[in-house]
Amino acid sequence: MALYSAAAAVLAGLESGQGGLKSLVYNSGFPHVRQLYALVSETLRYAPVLQKLLDGAALLQAEKKLQPQLAKVLVYDLLFGKGLKCGGRWKALARRHRARLEAELARLKVRHKVSRNEDLLAPEQAASAAAAQVPRYVRVNTLKTCVDDVIDFFKRQGYSYLGKAASVEELRALSGKKFLLDLHLPELLVFPPQTDLHDNLLYTSGHIILQDKASCLPAFLLSPAAGSHIIDACAAPGNKTSHLAAILKNKGQIFAFDVDPKRVATMNTLLARAGVTGCQLAQQDFLTVDPGDPKYSRVTHILLDPSCSGSGMVTRAPGEEVAPSAERLQALAGFQRRVLSHALNFPALRRLVYSTCSVHREENEDVVQAVLQERGSAFRLVTTFPSWPCRGLSAFPGAESCLRASPAETLTHGFFVAVLERCEEGADAPSLFVQSCLKIATAP
């Protein structure tokens with residue numbers, strides 16, 4: 001019941017203007033913020049339909065003590081979600097009114113001449129629901145277990161393991177209780193969309209991490225050796241940090257920063273559950289971290305995933321900013337350029353991954369281009385992961401070295417990744433991109 005009470009409280013907070021969805025979810029105190037965020041997002045997406053069902057079934061008139069927000073959450077999970085996960089009075093209430101609500105849903109479909117629930121949504125909501133048919137990605141936490149043991153666990157739970165996927169189309173075709181090993185990332189399992197594993201023992205014990213495939217790319221591509229010193233510059237909620245710790249096998253040192261105290265608290269919980277050690281977590285703005293501090297003198301790798309528009313997220317709630325204004329994009333890009341330039345000041349840095357969950361060129365290719373041009377030949381853009389199907393936009397020569405991801409092409413959230421490396425003295429000539437930038441900069 002705690003999940004439904006928390007979701008109802010978030011909905012009430014949104015209606016009264018107490019804050020945005022993300023801030024209300026993080027401040028709710030509910031331990032599984034992603035589960036709560038998903039439930040509230042989907043309830044909001046179906047809100048007009050839910051209101052019609054509540055009115056038609058006269059549920060609030062019959063149950064006068066039932067708050068409207070709680071009613072919407074319960075009816076969403078009863079009719080459109082994975083079924084109610086509660087007991088006691090609320091389960092009894094749902095059983096009392098289920099037949100009436102299902103009959104009202106059937107009448108609504110007849111009136112709208114549709115056969116599927118999602119066809120009741122407005123066009124923009126339906127498009128968002130279609131984008132949400134991204135598979136459930138499960139990263140095996142190798143700090144606590146291994147891929148083979150996790151596969152065996154799910155097989156004992158009645159899931160059918162289909163082996164390693166050969167194509168994205170195989171991922172798209174997943175249904176029922178079937179799952180695959182991802183074709184690109186070696187410790188990633190793939191389940192059908194909407195598979196709910198938040199109550200699964202492997203998740204609650206930290207043996208698996210529920211993390212979108214695109215979000216796994218930054219740590220995977222940073223690829224630090226065990227024993228390395230690393231900075232995770234904008235770290236919360238911590239999934240990428242735990243992924244870095246797994247790659248390091250908890251051998252080395254991670255310095256993780258985030259400015260938001262609530263997100264840092266959530267991250268502390270996540271890292272402890274994942275078995276992460278050797279991580280110094282600080283509530284601090286990364287821009288205030290001194291690259292000359294001796295404690296960072298051995299930092300060779302940085303993962304930089306700064307604040308962005310979030311325009312690539314397929315679980316955005318209705319009312320969230322999908323198309324930021326030009327002024328908003330300009331402000332975000334300015335911050336991203338500053339933080340990327342700052343990261344390149346660490347003296348021992350050899351490799352950096354810059355990533356966003358944005359689809360906008362202004363926050364992605366344009367940021368990388370501006371900072372590399374500012375740095376001349378000190379750093380170069382690395383061509384990486386040639387088998388990845390979606391590349392950077394043709395914003396400058398060499399931009400195809402960057403990676404992009406999208407629901408349509410890669411069955412993930414929208415994402416961008418660039419890998420930068422320091423050019424050693426006596427190394428080969430600067431990349432074609434850097435040469436082009438230098439020509440532009442010195443042109444009369």
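The values are calculated or read from the model by the stated rules, or taken from the named source; none is laboratory data. Everything numeric here is computed off the predicted structure, so don't read it as measured data. As a convention, Cβ positions derive from the backbone with ideal geometry for all residues, glycine included, and neighbour counts pool all protein chains shown. To get the accessible areas, we keep the full protein, side chains included, count just its heavy atoms, and leave off ligands, DNA and RNA. Shrake-Rupley method; radii C 1.70, N 1.55, O 1.52, S 1.80 Å.
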Rounded to the nearest 10 Å², what accessible area does residue 63 have for a 1.4 Å probe in the complete protein model? 40 Å²
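How big is the charge dipole of the chain about its Cα centre, in debye rounded to the nearest 20, if each Lys and Arg gets +1 on its Cβ and each Asp and Glu gets -1 on its Cβ? Spell out each step's value before the answer.
Numbers: 51 positive and 41 negative charges, 346 e Å.
It comes to approximately 1660 debye.
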Given charges at Cβ of Lys, Arg, Asp, Glu: the chain dipole, positive-most of 330, 70, 101: 101
What distance in nm separates the simple spin-label points at residue 166 and residue 55, each placed 7 Å from Cα in the Cβ direction? 5.3 nm
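Grab the beta carbon distance between residue 107 and residue 269, set R0 = 41 Å, and tell me the FRET efficiency rounded to 0.05.
Numbers: r = 45 Å, r/R0 = 1.09.
Step by step, r from the Cβ atoms, then E = 0.35.
Output the relative contact order of region 161-244, whole-number percent, from Cα pairs under 8 angstrom with separation of 6+ residues.
Working: 70 pairs, mean separation 15.5, N = 84.
Relative contact order for region 161-244 comes out at 18 percent.
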Evaluate the distance, in nm, between pseudo-label points positioned 7 Å from the Cα of residue 348 and of residue 82 along their respective Cα→Cβ axes. 4.3 nm
Taking amide H atoms as placed 1.01 Å from N in the peptide plane, list the residues 5 or more away in sequence, or in a different chain, whose amide H sits under 5 Å from that of residue 281. 256
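Under a 1.4 Å probe, what is the accessible area of the chain per residue, stated in Å²?
Working: 19420 Å² over 444 residues.
On a per-residue basis, 44 Å².
Quick one: what do you get for the chain if you divide its Cα Rg by 2.2 N^0.38 Å? If you can, show how the numbers build up before the last one.
Numbers: Rg = 23.4 Å, N = 444, 2.2 N^0.38 = 22.3 Å.
Taking the Cα Rg and dividing by 2.2 N^0.38 Å, one obtains 1.05.
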Check which residues have an amide H placed less than 5 Å from residue 230's amide H, if you skip close sequence neighbours. 253, 254, 255
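Determine the share of the chain's accessible area contributed by carbon and sulfur atoms, expressed in whole percent, with a 1.4 angstrom probe. List each step's numbers first, then the result.
Numbers: 10040 of 19420 Å².
Taking all protein chains in place, the chain shows 52 percent carbon and sulfur surface.
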Arrange the residues 313, 267 by how much accessible surface each exposes, largest first, with a 1.4 angstrom probe. 313, 267
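Under 1.5 on a/c is rounded, so check that first for region 262-371, then, if it is not, pick prolate when a/b is larger than b/c and oblate when it is not; a ≥ b ≥ c are the square roots of the alpha carbon gyration tensor eigenvalues. Don't skip to the end; give the middle numbers.
Values: a/c = 2.29, a/b = 1.27, b/c = 1.81.
Judged from the Cα gyration tensor, region 262-371 comes out oblate (a/c at least 1.5, b/c at or above a/b).
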Under the rule rounded for a/c under 1.5, else prolate if a/b exceeds b/c, else oblate, using alpha carbon gyration tensor axes a ≥ b ≥ c, region 186-341 is classed as oblate
Once you have the Cα-Cα distance between residue 99 and residue 298, take 0.36 nm times their residue separation minus that, and quote the gain in nm to one decimal. 65.2 nm
Beyond 19 Å (Cα-Cα) in this structure, taken from 64/91; 109/178; 164/249; 22/262; 164/213, we find 109/178; 164/249
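Please list 158-164, 207-213, 394-400 highest first by mean number of surrounding beta-carbon atoms within 10 Å per residue. Kindly include the intermediate steps, with their values, before the conclusion.
Numbers: 158-164: 11.9, 207-213: 22.4, 394-400: 17.4.
Highest-to-lowest ranking by the protection proxy: 207-213, 394-400, 158-164.
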Amide H partners (placed H, <5 Å) of residue 390, local residues excluded: 404
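In debye, nearest 20: dipole of region 180-266 around its Cα centre with unit charges on the Cβ of K, R (+) and D, E (-)?
Working: 6 positive and 8 negative charges, 56 e Å.
The dipole magnitude comes to about 260 debye.
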Along the charge dipole of region 209-333, Cβ charges K/R +1 and D/E -1, which of 217, 264, 245 sits furthest on the positive end? 245
With R₀ set to 45 angstrom, the calculated FRET efficiency between the beta-carbons of residue 146 and residue 16, to the nearest 0.05, is 0.40
Full-extension gain in nm, residue 226 to residue 27, via 0.36 nm per residue minus C-alpha separation: 68.1 nm
Could you tell me which residue out of 407, 364, 385 lies farthest along the dipole of region 349-410 toward its positive end? Charges go on the beta carbon: Lys and Arg +1, Asp and Glu -1, centred on the Cα centre. 385
Relative contact order for the chain, counting Cα pairs under 8 Å that sit 6 or more residues apart, in percent: 12 percent
Nearest 5 percent is fine: what portion of the DSSP beta bridges confined to the chain is antiparallel? 50 percent
Ranked by how many other beta carbons lie within 10 Å on average, peptides 173-180, 66-73, 386-393, 340-347 from highest: 66-73, 340-347, 173-180, 386-393
Rounded to the nearest 10 Å², what accessible area does residue 422 have for a 1.4 Å probe in the complete protein model? 70 Å²
Which aspartates and glutamates does residue 144 reach when only Cα atoms under 14 Å apart count, and residues fewer than 8 places away in its own chain are ignored? 187
